[in-house]
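Accompanying notes for the structure given below.
Read-outs: derived from the displayed coordinates by stated rules, not from any lab. The shown structure was predicted, so the numbers you read here are calculated from the model rather than taken from an experiment. We place every Cβ from the backbone using ideal geometry, glycine too, and count neighbours over all the protein chains shown.
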Amino acid sequence: MNAAPADQIRLLDVQALDTRLTQLAHKRKNLPEHEEIQTLEGDLTQLRDLLVAAQTEESDTAREQTKAEQDVDQVRQRASRDQKRLDSGLVTNPKDLESLQSEIASLAKRQGDLEDVVLEVMERRESAQERAGELARRVESVQAKTEDATGRRDAALETIDTEVATVKKEREIVAGSVPAELLKLYEKIREQQGGVGAARLYQRRCEGCQLELNITEMNEVRAAAAEEVVRCENCRRILVRTPESGL
Ligand SMILES: [Zn+2]
């Protein structure tokens, strides 16, 4: 294939812009914020689950406390009724008196036990409240961190996308000035060769595969006409000759 030396040189400009686009795509995909946000979102899910559990425990213990307090109240009312009956002097039968006194004593003990239950439930409720409060604060803090990281990620993406748009526009202009057939060959090789289709021959070295050309290969390149599109024997990329090629 033949192409004007200036068109071959312009192919290097296209290559440089394509390389830049590849770098930008890589940078876009591998922003540290992506991983940061993923980790934070994982933490957030976990913390929210723990918060729901603590809040459930909080409302369960609140109900338990109400129930335990009602139990205490019932016993207290019954004891108070018994005490009134005793104080009224209306119960005179010794057997009834004894049974009434014994009931008052057993109710007092029962009340004490139930009050212990209330205290125990209150302690559990308080600790659930503390835990829920602490978890709510942590959720808030991780949420703030997530928002911050999201903001940084979006800003970074915007910067990259702006540059991508600029480079693409430039690439379109430069590629538009390269003969279609040469560009097609370049695109084909680029696809096969990991994104690099044209390389500079710089001081006898192919900058595509970094190998130095041997004497025979150098002689062949020297013998080739300036318009001839030369390929690297090793990597098959388009080898572009410049004044620094060492010919
Ligand atoms: Zn090569």
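Odds and ends about this structure:
- For the chain: relative contact order, % (alpha-carbon pairs under 8 angstrom, 6 or more apart): 32 percent
- Only helices enter the 222 nm calculation for the chain: every DSSP H run of n ≥ 4 contributes -39,500 (n - 2.57), and dividing by all residues gives -28000 deg cm²/dmol, rounded to 500.
- Taking the chain as a Gaussian network of alpha-carbon nodes connected by springs under 10 Å, the highest mean-square fluctuation of the residues Leu100, Leu12, Leu114 belongs to Leu100.
- As a size descriptor, the averaged projected area of the C-alpha convex hull of the chain was calculated at 22.6 nm².
- Share, in percent, of DSSP beta bridges within the chain that are antiparallel, nearest 5: 60 percent
- Since only Met218, Gln193, Leu107 are under comparison, the one whose Cα sits farthest along the positive direction of the charge dipole of the chain, derived from C-beta charges on Lys, Arg, Asp and Glu, is Met218.
- Annotation: amide H of Arg231 within the under-5 Å range of Leu239, sequence separation 5 or more or interchain, hydrogens built in the peptide plane.
- The local environment of Asp7, defined by Cβ-Cβ distances under 12 Å, has a net charge of -2 under the rule Lys, Arg +1 and Asp, Glu -1.
- Each of Gln70, Leu47, His34 was scored by the projection of its Cα onto the charge dipole of the chain, and the greatest displacement toward the positive side belongs to His34; charges sit on the C-beta of Lys, Arg, Asp and Glu.
- Size of charge dipole - the chain - debye, nearest 20, with Cβ of Lys, Arg +1 and Asp, Glu -1, no other charges: 960 debye
- The calculated FRET efficiency for Thr56 paired with Asn30, based on their beta-carbon distance and R0 = 45 Å, is about 0.65.
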